[in-house]
Amino acid sequence: MPAVQETIDQVRSIDVDQYKYGFETEVEMEKAPKGLSEDVIRFISARKAEPEWMLQWRLDAYKRWLTMKEPTWARVSYDKIDYNDIYYYAAPKKNPAPKSLDEVDPEILKTYEKLGIPLREQEILAGVEPQSRVAVDAVFDSVSVATTFKEELKKAGVIFMPISEAIREYPDLVRQYLGSVVPVTDNFFATLNSAVFTDGSFVYVPPGVRCPMELSTYFRINEKNTGQFERTLIIADKGSYVSYLEGCTAPKRDENQLHAAVVELIALDDAEIKYSTVQNWYPGDAEGRGGIYNFVTKRGDCRGRNSVITWTQVETGSAITWKYPSCILRGDNSRGEFYSIAVSNGMQQVDSGTKMIHLGKNTTSRIISKGIAAGKSDNTYRGLVSAHRKATGARNFTNCDSLLIGNQCGAHTVPYIESKNASAVFEHEATTSKISEDQMFYCQQRGLSEEEATALIVNGFVKDVLQQLPMEFAVEAQKLISISLEGSVG
Amino acid sequence: MADVTLMKTPAETALAQAFESAKTTLPGNAESRAQAFEQFNLRGLPHRRVEEFKYTDLRALLREIAPFAGVPTADETKVALQGSKAFSNVAALQVPFVNGHFVREAVDFHNLPEGIELVPLREALADGHEWLAHLSPVPWASDNPVYQLNTSFMADGVMIRVAGSVETPVHLRFVTAAASAVATATRVLVVVEEGSSFTLIESHESTDGANHQPNDVVEMLVGDRTNVQHVRQNAEGDRTLALSTLALKIGSEAVFNSINVVTGAATSRHQVYAILNGENTNLRVNGATMLKGTQHGDSTLVVEHNALHCESRELFKTVVDDEATGVFQGKIIVPHHAQKTDGRMMSAALLLGENAAMNNKPELEIFADDVQCAHGATCGQLDEDLLFYLMARGLPKKEAESLLVQAFLGEAIEFVENESAREALVGTVESWLKART
C-alpha cells in the first residue's frame, strides 16, 4: 500500500530544506590546533584542568585508536574522513567557564533563546507547573555553557553537571564508572571519543532518590570545521529513577561535520533510567551537501536486579546516522526497552537500531522501531537480540516497521536473533497485524476499523513515552507520532 | 577487518593443490574453472567475519579437505544404490549419482518420459553443449564461495530439459558411499520450457562414520507459465559436511514450490538464490529442519523480486534438540521497479534441548514504495499450555511433545502436492521423533 497523503505532507514538513535551526552564531572561539595528536589531547586535558589519570586514559585511547580501522559494515557510504582536518576543541573565548548565566556571552544566550531552550530558571518557573520543569545542561561546541537547577538538584542529592566538572569534583565516581559500559577499545568512534571527548553531562542519582525533575542536555555545534565529541555518563544508584533528554542541532553548512559521542548508562538494583533523544542535527541539503555525521555509541547496563533502561529516540537529522542504543541486561529480572522513530529525507542515510543482550535470568526486552524513508534516503534498521546460556526465561518482543515514500529511497531491516537458551522466547515481527489480538478485537468491537485499531494501539504506547519529551521539539516528535501506519511495508 | 589478508589455512592450501592436480582431467572449459577457482582463492574459505557466513564458519569447520571421489566400480555402485532408501515409495524417473558420478546405466535413455531430455554433464562439458550457456544464472550464487568451489571442481551431473506437462517426477538420487571420506562436486542444470510443468525430487544420502564433503548445485531456468514442484531431502550421514545450492531464475506467471527437509549431516548449509524475472510469479520456499546431538544446520536464502506483482512465501521451521545449532538467514530484495510485490518470510524455531541454539537473521531490502513485505522470526520452547492440554487428555509427555512438533513442522510440509513424496517426508519427521530419547 502506498503512503497516505497526510503522511507525505507531514514528512515533507520536516524535509531537509525545511531545517529551522541552520543559523550560525558569531562568537569568538578559542580552538585547539587543527588535527589530532598527543599535543591536542594534552591541550584539551589542560583546558579542562583534568587530573593526570584522565590524561593518561585519553592518551591510551589515542594510541589504541591509531591501530584501529573505521568500520565499514553499516549500510552507509561517505567520503573518507580526514581526521587531521578537524578542530577537536572549540570554546567561546569570552569566559569559557562562566560561573553564572550573567557571565555567559549574550550571543550564546540568544542562540539558545532562538532554539527555544530555557536557560533561566525563573523563566521556566513562571506560569508553568512545577512537575514539568526541566534542568538543562547546554553544550556549545566543546564546552558546557550553562547548567540550570544545579543547586536544587543538589539538595535532592542528585549530581547533574558537565562531565569535565565532575572529573574534578567527583573523580572517584567518574573513575569507577567511566568506560565500564563502553570500554575504551569498544569501537573506532568510541575510542576516538575516549581520546578527545570535550564535554557532556554527568548524572548521579543516589540510592532511593526519584530525580525531582527532568534532566536534559542540549548539544549545539556552531563552529566551522569542528567535531563534537561529547561524553555522557548517567548512574542511577539502587532504587533510584531518572529521566534524561537530549536534543541537538547545528548550522547549515556545505561541509560535513563529525559528531562522535559516547553515552553510558548504569542502572543498579531496582533503578530506572529513561533516556530520550530528539536528534535534529543538520541533515545536509537536498543534493546531499553538508550535514552532520552522527556516529554515536550509546549503551546502557542494567547491572542490578530489577533495573530498567528505556531508550526513546526520534531521529530526523544528520546526513549519516550510525547509532545503536543498546541494553546489556545483566541483572536478573532487568528490562530493556527501545522505541525509535527514524525519518530520513533528502540524501540522508540512517543505519540505526539496538542491541538487547540478555545475560540475566528472566530478563525482558521490547523493541519498537519505525523507519520512514523519503526522498533519496536510505533507512536501515539493524538490531541484535541475543540470549546467553544463562539467560533462562528471557523474553523479547520486536516490532519494526518501515514505510517508503517514493521509489527513490530504500528501507532495510537487518535483524539478528540469537538464542542460546531453550527457555528464552523471542518474537520478531515486522507487521503490525500481530499486536495482541485481544486488544484488536476489543477496539474493533467498538467500531474501529482494523487500521484505526492498529494505529491506536501502536501509537498508544509509543506516544506514552514520547509525550514526556520536553521543550518545543516535542511538537515535532508528536507530529511524527501521528503518522499513519497505513502503507507499512515491514 | 575483512580486508586483512590471512594466511592460507591447510584446507585452503589443500584445495589449491587439489585444483592444480585435477584441472587437467576435469571435463570442459578449463578457463572458466580456473576463473572460478581464482575468485574463490582470492577470499579463501568464508569465515565468521564474512557476513553471509557469520553463523557457519567454513574456515573453522573445514579443517581438512577429503580427496575428490573417483568413479565408483560397478559393485560399489550396486551396493550404494541398494542402501539408498529415500523416497523409495515414489514412482519416479531415477537419476542416481554415486560418489558424485552419474550412474549412466541406471537410466534408459530410449524410454525417458515424454517431455524429458537428459544429457550427462560430463559429456556435455566435454562437447561444449549449447545448454551450458544457461549455467550460473543468478548473481548472488556466482559470487558465493561454495558455488565457486562447485564450479571449479564439478566432475559430473546431468542437464535436463523439460517441455510440456510431465507426470512422472524426476528423482535425483545422490548417494555417497565410499568407505573413507570423499569430497564430491555435482552440478545439475534444469531448463523448464515455457508452459511446462513437472516435479523434481532430490535426495541426498551418505554413509555414517566418514567425513564426506558433498557440494552440489542445482540450477534451474524456469520459463513463463510453468509449474514446478521441488522436493529435497537431506539424509546425509552423521559426520558429513554437506554444502548445497539451489539457484533459480524464474519467468512470468510461473508457480514454483520448493521444500528442503533436513535431518542429516554433522554440518549442513543449504543456500537458495532465487530471482523472479517475470510478472505475476508465485514462489514458495519452505524448509523443515530437525537437528540433534551437535548437528549444525544452516538455511540461507536470498529472493530477489525483479518484476511487478510477484508473490513469495518463505516458511522455515527448525526443531533443535540436544546441543545442536540452527541457522536461518533470509533476505528479500525488492528493487524500485518491482512494485506490488508481496513477500512474506517467516522463520520459527523450537528449542527442545536445553543447550540448543538458534540464530535467525531475516532481512528485508526494499526500494519500492508500493509493496507488502513482512518478515517474522520466533524462537522458543514448546508451549507449556498446549502440552498440559494434551497431557490432561491422557497422552504421555513424550507423545504430546511429538504431536506438537509434528504439527509445527507439518505446516511447512503440507503444501507438497505429490502424495507419496509428502508421506515420505511426514515419515521422516515421525522417525526422527521416534529416535528421540
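The set of residues from the range A:145-174 being over 24 Å from A:Glu107 (Cα atoms), in a loop (DSSP other than H, G, I, E, B) and touching a strand residue (DSSP E or B) at 6+ places or on another chain (Cβ under 8 Å) comprises A:Gly157, A:Val158, A:Tyr170. Is it true that A:Val385 is at negative phi, among the aliphatic types (A, V, I, L, M) and within 13 Å of chain B (Cβ to nearest Cβ)? So A:Val385 fits the description; yes.
Could you please find all residues in the range B:181-196 being under 19 Å from B:Val119 (Cα atoms), hydroxyl-bearing (Ser, Thr, Tyr) and assigned to a strand (DSSP E or B)?
B:Thr186
Condition (residue is within 11 Å of chain B (Cβ to nearest Cβ), surrounded by fewer than 23 Cβ atoms within 10 Å (Cβ to Cβ), over 27 Å from A:Tyr78 (Cβ atoms) and polar (S, T, N, Q)) applied to the range A:390-405: is it met by at least one residue? Taking every residue of the range A:390-405 in turn, at least one turns out to be within 11 Å of chain B (Cβ to nearest Cβ), surrounded by fewer than 23 Cβ atoms within 10 Å (Cβ to Cβ), over 27 Å from A:Tyr78 (Cβ atoms) and polar (S, T, N, Q). Going through (1) more than 25 Å from A:Ala422 (Cα to Cα); (2) touching a Gly at 6+ places or on another chain (Cβ under 7 Å) one by one, B:His375 falls short only on (1). Here A:Gly410 clears all of (1) in contact (Cβ under 8 Å) with a residue 40 or more places away in the chain; (2) farther than 30 Å from A:Cys302 by Cα; (3) at the interface with chain B (Cβ under 9 Å from one of its Cβ atoms) except the condition numbered (1). The strands (runs of 3 or more DSSP E) found entirely in the range A:270-332 that carry 2 or more residues being at pLDDT 90 or above and closer than 27 Å to A:Gln348 by Cα are A:291-302, A:308-315, A:320-323, A:326-329. Taken over the range B:44-64, residues that are more than 21 Å from the chain's Cα centre (by Cα) and surrounded by 14 or more Cβ atoms within 10 Å (Cβ to Cβ) amount to 2.
Given the structure, is B:Ala16 buried (at least 19 other Cβ atoms within 10 Å of the Cβ) and not in a loop (DSSP other than H, G, I, E, B)?
Values: buried (at least 19 other Cβ atoms within 10 Å of the Cβ): no; not in a loop (DSSP other than H, G, I, E, B): yes.
Judged against the criteria, B:Ala16 is not a match.
Restricting the range A:368-382 to residues that are at the interface with chain B (Cβ under 10 Å from one of its Cβ atoms) and in contact (Cβ under 8 Å) with a residue 60 or more places away in the chain, the residue that is farthest from B:Met345 (Cα to Cα) is A:Ala374. Among the criteria (1) more than 20 Å from B:Val217 (Cβ to Cβ); (2) crowded, with 20+ Cβ neighbours inside 10 Å, the one B:Glu105 does not fulfil is (2).
Every residue in the range A:355-367 that is free of Cβ contacts under 8 Å to residues at least 60 places away in the same chain and within 22 Å of the chain's Cα centre (by Cα), please.
A:Lys355, A:Met356, A:Ile357, A:Thr364, A:Ser365, A:Arg366, A:Ile367, listed by residue number.
Being more than 21 Å from B:Thr73 (Cα to Cα) and in contact with a helix residue (DSSP H, G or I) (Cβ under 9 Å, 6 or more places away or on another chain) holds for only one residue in B:Val191, B:Val175, B:Val228, and it is B:Val191. For the range B:285-296, check the following and say yes or no: at least one residue is away from chain A (no Cβ under 12 Å), more than 23 Å from A:Cys400 (Cα to Cα) and of a type in the set (D, E, K, R). Yes, because at least one residue in the range B:285-296 is away from chain A (no Cβ under 12 Å), more than 23 Å from A:Cys400 (Cα to Cα) and of a type in the set (D, E, K, R).
Does B:Gly330 qualify as being under 20 Å from A:Cys400 (Cα atoms) and crowded, with 24+ Cβ neighbours inside 10 Å? Considered against the rule, which asks whether it is under 20 Å from A:Cys400 (Cα atoms) and crowded, with 24+ Cβ neighbours inside 10 Å, B:Gly330 comes out as yes.
Does A:Ser365 satisfy being in contact with a Lys or Arg (Cβ under 9 Å, 6 or more places away or on another chain), assigned to a strand (DSSP E or B), hydroxyl-bearing (Ser, Thr, Tyr) and more than 10 Å from chain B (Cβ to nearest Cβ)? Spelling it out, A:Ser365 is indeed in contact with a Lys or Arg (Cβ under 9 Å, 6 or more places away or on another chain), assigned to a strand (DSSP E or B), hydroxyl-bearing (Ser, Thr, Tyr) and more than 10 Å from chain B (Cβ to nearest Cβ). Of B:Val228, B:Val272, all but one fail to be within 30 Å of B:Ala338 (Cβ to Cβ), over 13 Å from the mean Cα position of the chain (by Cα) and either at pLDDT below 95 or assigned to a strand (DSSP E or B) (or both); the exception is B:Val228.
The values are calculated or read from the model by the stated rules, or taken from the named source; none is laboratory data. Remember, it's a predicted structure, so these values are computed and weren't measured experimentally. Note that each Cβ is placed from the backbone with ideal geometry, even for glycine, and that neighbours are counted across all protein chains shown.
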